[in-house]
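Following: one structure in structure tokens, then a few remarks.
The values are calculated or read from the model by the stated rules, or taken from the named source; none is laboratory data. What you see is a predicted model, and the numbers here were worked out from it, not measured in a lab. Cβ: placed from backbone, ideal geometry, glycine included. Neighbour counts: every protein chain shown.
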Amino acid sequence: MTKLVSVEGIGETYAEKLEAMGVSTVAQLLEQGAKPSGRKMLAEKTAISSKLILKWINRADLARIKGVSTQYADLLESAGVDTVPELAQRNAENLHTKMVEVNEAKPLVRQLPSLSAVEDWVAQAKLLPRAIEY
């Protein structure tokens, strides 16, 4: 089970607030925050903004893609992809080119994913069921 602090932006303080609500893993965060009502409840009971919770939920969703690490999630987000459905709609070659451009402008990762890795991510995203309702 992946710990909450592995999600970019969730430090120890936020993790403790979420754990007090029974959310101690990334999978539990995704499950409890999948619907707007769940995110609202988490926001109200933890005093964490619902916007921030949604950002973390989107990150947790991207983590379902095998091979997408926290750093690659940052790079994907900077390239304009922050959800699995969005990734599923992308052309892998264009996305890879954009990721290279983004990383050259602002180095986020030491080693860029290969085109075949990005193609695999897009293929996985197309097969995954939707996990989040907006």
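Brief remarks follow.
- Boolean, Ala79 is over 12 Å from the mean Cα position of the chain (by Cα), modelled with pLDDT of 95 or more and surrounded by fewer than 20 Cβ atoms within 10 Å (Cβ to Cβ): no
- Looking across Ala47, Ala27, one residue alone is at pLDDT below 95, of a type in the set (A, V, I, L, M), surrounded by fewer than 18 Cβ atoms within 10 Å (Cβ to Cβ) and not assigned by TED's automatic domain parsing to the domain that holds Leu115. It is Ala27.
- Of all residues in segment 1-38 being of a type in the set (Ser, Thr, Tyr) and closer than 12 Å to Trp56 by Cβ, the one that is farthest from the chain's Cα centre (by Cα): Tyr14
Here is a yes/no grid of residues against (1) part of a helix (DSSP H, G or I); (2) among the basic types (Lys, Arg); (3) in the same structural domain as Ser114 (by TED's automatic domain parsing):
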position: Ile10; (1), (2), (3): no, no, no
position: Ala34; (1), (2), (3): no, no, no
position: Met41; (1), (2), (3): yes, no, no
position: Leu75; (1), (2), (3): yes, no, yes
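Yes/no matrix, rows are residues, columns are (1) under 25 Å from Lys3 (Cα atoms); (2) surrounded by 12 or more Cβ atoms within 10 Å (Cβ to Cβ); (3) among the small types (Gly, Ala, Ser):
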| position | (1), (2), (3) |
| --- | --- |
| Ala73 | yes, yes, yes |
| Ala92 | no, yes, yes |
| Thr97 | no, yes, no |
| Val100 | no, yes, no |
| Ala105 | no, no, yes |
| Trp121 | yes, yes, no |
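Results for (1) under 21 Å from Pro85 (Cβ atoms); (2) touching a Lys or Arg at 6+ places or on another chain (Cβ under 8 Å), shown as yes or no for each residue.
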{"site": "Glu8", "(1), (2)": "yes, yes"}
{"site": "Thr13", "(1), (2)": "no, no"}
{"site": "Gly22", "(1), (2)": "no, no"}
{"site": "Leu29", "(1), (2)": "yes, no"}
{"site": "Ala34", "(1), (2)": "yes, no"}
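- Each residue in segment 89-110 was checked for being farther than 10 Å from Leu75 by Cα, assigned to a helix (DSSP H, G or I) and of a type outside the set (A, V, I, L, M, F, W, C), and 6 of them qualify.
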